[in-house]
Amino acid sequence: MQYPDRFAALPAYPFPRLRALLDHHPAGGPALSMSIGDPTHPFPEFVGTVMAKHLAAFGGYPPNDGAPELIEAIGNWLTRRYGLTKFDAPSQVIPLNGTREGLFNAALALSPERKNNAQPAILLPNPFYQCYMAAAQAAGAEPVMVPALAENGFLPDYASLPSEILGRTTIAYVCSPANPQGAVADAAYWAGLLALAEKHDFRIFADECYAEIYRDAPPVGALQTAQAVGADPERILVFHSLSKRSNLAGMRSGFAAGGKGSIAQLKQLRAFAGAPLPGPVQMVSAAVWNDEAHVVQNRALYAAKFDLADRILGNIAGIRTPRAGFFLWLPVEDDEAAAVKLWTEHGLRVLPGRYLANETHASLGGGNPGQGYIRVALVAPLGDVERGLGVIRSSLYE
Ligand SMILES: Cc1ncc(COP(=O)(O)O)c(C=O)c1O
């Protein structure tokens, strides 16, 4: 049997790699996972009631482009959150089964086969959410990894790429707040990237699925900046999710929003190949986007964990706790050795940073910028997080 070549360069996914690294060692203490960003705070209680009320909708095919109630709720949320004024939700929003499939499928729908007579390039921050790389390969593009380093505020400097690459770029992924570093793109970053996208005629895919997990000010959005600087909304697609905002990762609900042309193209592909959100899930999602009280509570739970991180790790040289997201990105001498030590001596699982990154593009000097970091998820209950961070401090930094 033959397999396609285009996915041959995909490495093993980070979590099987972690299992291969750790599972042949016994845990050195009661097992505690801080490796996977699986939210564990409660989701809103009304989810069950709304689901039950709309149960009958499981009996029929759901609307592909979203029930009017859902589209309206998403439009209202975007308007409330980002102050969008000229936004038309029915033509500018498409519901998704979580952002992951949208981040993947939008590249298929929107990256052309050739650009300027060459293979297209799709730009990725490095380290990055692994879906972006598979999306680029599926679309027949070259994934170009651009390092997101401490000296650039952990955001990729796409303008530093040679014009040969920018000239064939079709899509640039940006994650803000970023997984894994928690970096937040400000309006100046988005405006600069919008100008670059206009100059070189590419789209920005703004993965904003952590937008509601922040400590002080709400992160500015890509669409919000596009509106503020009068940019063409076709330059941007933003991706949002209920997985982190509302602790509903298992329900699979999110959306993409952007220019009418891009959304129409996505709807066209999904009409043939997409799986629409089940009807009851659409109605629950509408109710969840309409409610902010649970989001405020969720944020407060994460803020308490970040305060704990400040208290336990804050005075260690080189450690910064981020303003958003729910990960710590901690510098260590050897990320794999640190993960093995924490597991074998204490039963604590963290993710070596190199598993979330790939080889940076040769034109930018190569290397794996995740090497020398561990990613620590603050999703476990507060007492577990306290224990885990104490172990990290004593085991790696004292
Ligand atoms: C950066 C980033 N983007 C997208 C996703 C996908 O989230 P979902 O598909 O649950 O919306 C995740 C999930 O962990 C993520 O960390």
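The values are calculated or read from the model by the stated rules, or taken from the named source; none is laboratory data. None of the values given here were measured: they were computed from a predicted structure. Methodologically, a virtual Cβ is constructed for each residue, glycine included, from the backbone with ideal geometry; neighbour enumeration extends over all protein chains shown.
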Tell me which of these Arg375 doesn't satisfy, since it passes every other one: (1) closer than 14 Å to Ala309 by Cβ; (2) surrounded by fewer than 24 Cβ atoms within 10 Å (Cβ to Cβ). (2)
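State whether one or more residues within segment 301-317 are in a loop (DSSP other than H, G, I, E, B), buried (at least 20 other Cβ atoms within 10 Å of the Cβ) and of a type outside the set (Ser, Thr, Tyr).
The answer is no; no qualifying residue exists.
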Whichever residue in segment 215-268 is away from the ligand (no atom under 16 Å from the Cβ) and among the basic types (Lys, Arg) and, among such residues, is surrounded by the most Cβ atoms within 10 Å (Cβ to Cβ): Arg235
Filter segment 1-50 down to the residues that are small (Gly, Ala, Ser) and touching a Gly at 6+ places or on another chain (Cβ under 8 Å) and list them by number. Ala27, Gly28, Gly29, Ala31
Just to check your reading of the model, which residue among Glu345, Glu359 is at pLDDT 95 or above, among the charged types (D, E, K, R) and over 18 Å from the mean Cα position of the chain (by Cα)? Glu345
For segment 254-284, how many residues are touching a strand residue (DSSP E or B) at 6+ places or on another chain (Cβ under 7 Å) and either among the hydrophobic types (A, V, I, L, M, F, W, C) or farther than 30 Å from Gly230 by Cα (or both)? 7
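Residue under question is Gly48, and the condition is that it be without any contact (Cβ under 8 Å) to a residue 12 or more places away in the chain and part of a helix (DSSP H, G or I); does it hold?
So Gly48 fits the description; yes.
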Answer with yes or no whether Asp65 is outside any helix (DSSP H, G or I), under 20 Å from Ala273 (Cα atoms) and charged (D, E, K, R). yes
Out of the residues in segment 204-214 that are free of Cβ contacts under 8 Å to residues at least 60 places away in the same chain and closer than 27 Å to Val379 by Cβ, which is farthest from the ligand (Cβ to nearest atom)? Ala206
Scan segment 246-261 and report the pairs whose first residue is part of a helix (DSSP H, G or I) and whose second residue is charged (D, E, K, R) and near the ligand (Cβ under 9 Å from one of its atoms), with Cβ atoms within less than 9 Å and a gap of 6+ or a chain change. Ala249/Asp38
Restrict the check to segment 343-356 and report whether at least one residue is assigned to a helix (DSSP H, G or I), touching a His at 6+ places or on another chain (Cβ under 6 Å) and within 24 Å of Ala324 (Cα to Cα). no
Boolean, Pro39 is over 29 Å from Ala139 (Cβ atoms), in contact with a Lys or Arg (Cβ under 7 Å, 6 or more places away or on another chain) and in a loop (DSSP other than H, G, I, E, B): yes
Given the criteria under 13 Å from the mean Cα position of the chain (by Cα) and basic (Lys, Arg), does Arg235 qualify? no
If a residue has to be near the ligand (Cβ under 10 Å from one of its atoms), surrounded by 19 or more Cβ atoms within 10 Å (Cβ to Cβ) and not aliphatic (A, V, I, L, M) to count, how many in segment 99-124 make the cut? 3
Sole residue being part of a loop (DSSP other than H, G, I, E, B) and among the aromatic types (Phe, Trp, Tyr), chosen from Phe104, Phe58, Phe15, Phe87: Phe87
